[in-house]
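Asks: Okay, here's the structure, questions in a sec.
Every read-out reported here was derived from the displayed coordinates using simple, explicitly stated rules and does not represent laboratory data. Keep in mind the model is a prediction, meaning the values are calculated, not measured. We place every Cβ from the backbone using ideal geometry, glycine too, and count neighbours over all the protein chains shown.
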Amino acid sequence: MLHRFVRLSFKQECIEEFQNLFHDVKEKIENFDGCQSVELLQDAEAKNQFMTFSIWENEKALEAYRQSEFFQSTWKKTKLMFNDKPKAFSMYKAGIKE
């Protein structure tokens, strides 16, 4: 399984809007072929800092999602709310061959 972490930083006035957007699309993301789960985490101190954590069957499934019309339209809305460039990391559990 591929673990995907994306660190996101938002304009203060966009925090609630982003949380609402994520709530609206979470189930659709989880129902996307190859997605096992997706969660939204908020920094304990910097309330405009978030991280999404998703688990995918493999890199191919994640890339298919990233190329989908659904992702493209959602990402377009999300990018307008950023106050910094997002940082993404894809990782596998150490010592486990997939």
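Asks: Do you know which residues across region 1-19 are over 14 Å from the mean Cα position of the chain (by Cα) and more than 30 Å from Gly95 (Cβ to Cβ)?
Replies: Passing the criteria: Lys11, Gln12, Glu13, Cys14, Ile15, Glu16, Glu17.
Asks: Out of all the residues in region 31-52, is one or more on the phi < 0 side of the Ramachandran plot, in a helix (DSSP H, G or I) and not hydroxyl-bearing (Ser, Thr, Tyr)?
Replies: Taking every residue of region 31-52 in turn, none turns out to be on the phi < 0 side of the Ramachandran plot, in a helix (DSSP H, G or I) and not hydroxyl-bearing (Ser, Thr, Tyr).
Asks: Which condition number does Ile15 fail, the rest of (1) touching a strand residue (DSSP E or B) at 6+ places or on another chain (Cβ under 8 Å); (2) of a type in the set (A, V, I, L, M, F, W, C); (3) free of Cβ contacts under 8 Å to residues at least 40 places away in the same chain; (4) assigned to a helix (DSSP H, G or I) being met?
Replies: Ile15 satisfies every listed condition except (1).
Asks: Follow-up. Being surrounded by 15 or more Cβ atoms within 10 Å (Cβ to Cβ), assigned to a strand (DSSP E or B) and of a type in the set (A, V, I, L, M, F, W, C): is that true of Leu21 here?
Replies: no
Asks: Taking region 31-57 as the search range and keeping residues that are crowded, with 17+ Cβ neighbours inside 10 Å and of a type in the set (Phe, Trp, Tyr), which one is nearest to Asn83 (Cα to Cα)?
Replies: That would be Phe50.
Asks: Taking Gly95, is it on the phi > 0 side of the Ramachandran plot and either out of contact with any Asp or Glu (no Cβ under 7 Å at 6 or more places or on another chain) or surrounded by fewer than 13 Cβ atoms within 10 Å (Cβ to Cβ) (or both)?
Replies: It is true that Gly95 is on the phi > 0 side of the Ramachandran plot and either out of contact with any Asp or Glu (no Cβ under 7 Å at 6 or more places or on another chain) or surrounded by fewer than 13 Cβ atoms within 10 Å (Cβ to Cβ) (or both).
Asks: So which of Lys28, Lys60, Lys77, Lys85 is surrounded by fewer than 16 Cβ atoms within 10 Å (Cβ to Cβ), of a type in the set (Lys, Arg) and assigned to a loop (DSSP other than H, G, I, E, B)?
Replies: Being surrounded by fewer than 16 Cβ atoms within 10 Å (Cβ to Cβ), of a type in the set (Lys, Arg) and assigned to a loop (DSSP other than H, G, I, E, B) holds for just one of Lys28, Lys60, Lys77, Lys85, which is Lys85.
Asks: Can you tell me which of (1) in contact with a helix residue (DSSP H, G or I) (Cβ under 8 Å, 6 or more places away or on another chain); (2) surrounded by 14 or more Cβ atoms within 10 Å (Cβ to Cβ); (3) part of a strand (DSSP E or B) is the one Ser9 doesn't meet?
Replies: Checking Ser9 against (1) in contact with a helix residue (DSSP H, G or I) (Cβ under 8 Å, 6 or more places away or on another chain); (2) surrounded by 14 or more Cβ atoms within 10 Å (Cβ to Cβ); (3) part of a strand (DSSP E or B), the one that fails is (1).
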